[in-house]
Amino acid sequence: MSDDPSSPDRGRVVAGLPGFASWAGRWDRLVDEVGAPVSMRSYSVSAWARARPDRALRVVLVERDGVLVAGAAVTVRHTASGRVLIDKAGSSEEPFRLLHRDASAGNALATTLLDACRGEDRRWSLRIEDLPELDEVATRLLQVTAARAVSHRVTPTPVLDVTSGRPVDQVLSRNVRSAVNRARNVARREGREVTMTWHEDPHEVESMLPELIDLHIRRNEQLRGTALLSERVEREIWVDTLRGHAEAGVLRLLVARVDGRLAAFAVGLLDHRRLWVWSNYVAPEWRRLSAGTLANAEVVRAAHADPGIDVVDWGAGVQRYKMSGGATLQQAQTLRVWGRRRDAVRCRLRGRLDRWPGLVRRLPHPLRRVSVHRGR
């Protein structure tokens with residue numbers, strides 16, 4: 001509940017997916033009302049929680065006169081050492097929000113969330129990633145927890161404005177335009193047929209899922225030596241979330257084919273006048289034709305031509321192609337709060353010591369352990 005006893009805001013905590021399902025409609029209305037990203041929609045939160053049975057879903061809700069005015073979806077897990085780890089319910093590097101209609105609702109949400117944490121165990125820690133750099137609820141949590149909390153910047157997101165009045169050939173950089181022309185010339189000389197098609201029908205998207213997953217895995221194995229979607233849990237989250245976006249009508253799937261074979265794809269999500277590029281990959285065998293560049297250029301062209309889209313959001317992570325055309329960076333933050341001050345001090349000390357590994361080697365053994373401890 002709110003710190004102010006006269007406030008009409010009343011908080012509660014709903015446990016588990018069945019409990020959250022009964023609030024899904026009201027939750028999604030709040031998401032739309034406050035302009036939160038589609039990653040906060042109930043189907044996205046549920047897809048992530050469903051694939052993580054090792055983590056208990058807790059949804060913090062605040063009502064005012066029977067209307068939902070604030071909410072936060074978190075998960076709780078207990079470690080073998082007796083610690084309680086509380087995290088956001090969602091995938092890393094996807095935008096997250098502590099939903100609130102106004103300042104009063106935000107204060108009540110902060111209070112209810114802290115009460116829920118304290119109710120778990122004294123050795124709890126809260127970590128909420130991918131919040132906007134300026135967030136009223138995060139600021140409130142930092143104020144009331146003081147020495148037991150910290151906020152730090154995390155991976156920013158490149159965002160390209162397509163409503164500046166510039167023609168699309170100026171929104172696309174000279175290097176991108178040259179790469180597109182070279183790729184099309186190579187394809188023409190080799191007699192290759194390159195096609196770009198957009199899809200939004202859930203049945204069409206469903207039929208392409210095996211191809212998309214295969215390309216996703218092969219490209220990540222080439223880039224990183226491992227692929228997230230090779231893991232069953234991560235594949236379930238990705239597929240269920242994509243299906244949810246398609247059924248909600250916000251998905252725009254671009255498919256690039258060379259001679260009928262999948263060469264690249266981009267999953268775009270319509271998200272409050274922005275096109276969020278949720279996932280985009282190129283097939284390793286078609287990199288020589290710059291199929292990925294062709295697809296990314298088509299994303300920008302399509303967004304530029306759509307009067308309902310103001311920006312292209314390339315997703316978290318700075319890469320050269322994302323910064324093309326004068327994109328700007330939107331900062332994000334991770335908020336961390338500890339139940340015990342000693343845990344907060346130890347974590348801060350570890351962060352400082354890790355900057356000077358030479359000094360760590362000369363520390364007494366107990367302090368050296370602090371510096372390499374991986375827990376929270």
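The values are calculated or read from the model by the stated rules, or taken from the named source; none is laboratory data. Just so it is clear, the structure is predicted and the values come from calculations on it, not from any experiment. When we count neighbours, we look across all protein chains shown, and the Cβ atoms used for this are built from the backbone with ideal geometry, even at glycine.
Could you list all residues from region 312-335 that are surrounded by 21 or more Cβ atoms within 10 Å (Cβ to Cβ) and either among the acidic types (Asp, Glu) or assigned to a strand (DSSP E or B) (or both)?
Hits for region 312-335 are VAL312, ASP313, LEU335.
Between SER81, SER91, SER39, SER46, which is farther than 25 Å from GLU236 by Cα and in contact (Cβ under 8 Å) with a residue 24 or more places away in the chain?
After applying the criteria, what remains is SER81.
Given the residues GLU285, GLU298, which is the only one that is within 23 Å of ARG224 (Cβ to Cβ) and among the acidic types (Asp, Glu)?
Step by step, each of GLU285, GLU298 is checked, and only GLU285 is within 23 Å of ARG224 (Cβ to Cβ) and among the acidic types (Asp, Glu).
Among ASP32, ASP65, which is the only one that is touching a residue at least 12 places away in the same chain (Cβ under 8 Å) and either more than 26 Å from VAL150 (Cβ to Cβ) or not assigned by TED's automatic domain parsing to the domain that holds GLY268 (or both)?
ASP65
Among the residues of region 49-63, what is the count of those that are in contact with a Leu (Cβ under 7 Å, 6 or more places away or on another chain) and crowded, with 18+ Cβ neighbours inside 10 Å?
5
Look through ARG219, ARG243 and report the one residue that is part of a helix (DSSP H, G or I) and farther than 21 Å from ARG50 by Cα.
ARG219
Select, from ARG219, ARG189, ARG243, the only residue that is farther than 30 Å from GLY90 by Cα and either in contact with a His (Cβ under 7 Å, 6 or more places away or on another chain) or charged (D, E, K, R) (or both).
After ruling out the rest, the residue left standing is ARG189.
One residue is enough: does region 288-298 have a residue meeting the conditions hydrophobic (A, V, I, L, M, F, W, C), assigned by TED's automatic domain parsing to the domain that holds LEU212, out of contact with any helix residue (DSSP H, G or I) (no Cβ under 7 Å at 6 or more places or on another chain) and part of a helix (DSSP H, G or I)?
Yes: one or more hits.
State which residue is nearest to VAL277 (Cα to Cα) when the search covers only region 64-83 and only residues that are surrounded by fewer than 18 Cβ atoms within 10 Å (Cβ to Cβ) and aliphatic (A, V, I, L, M).
VAL67
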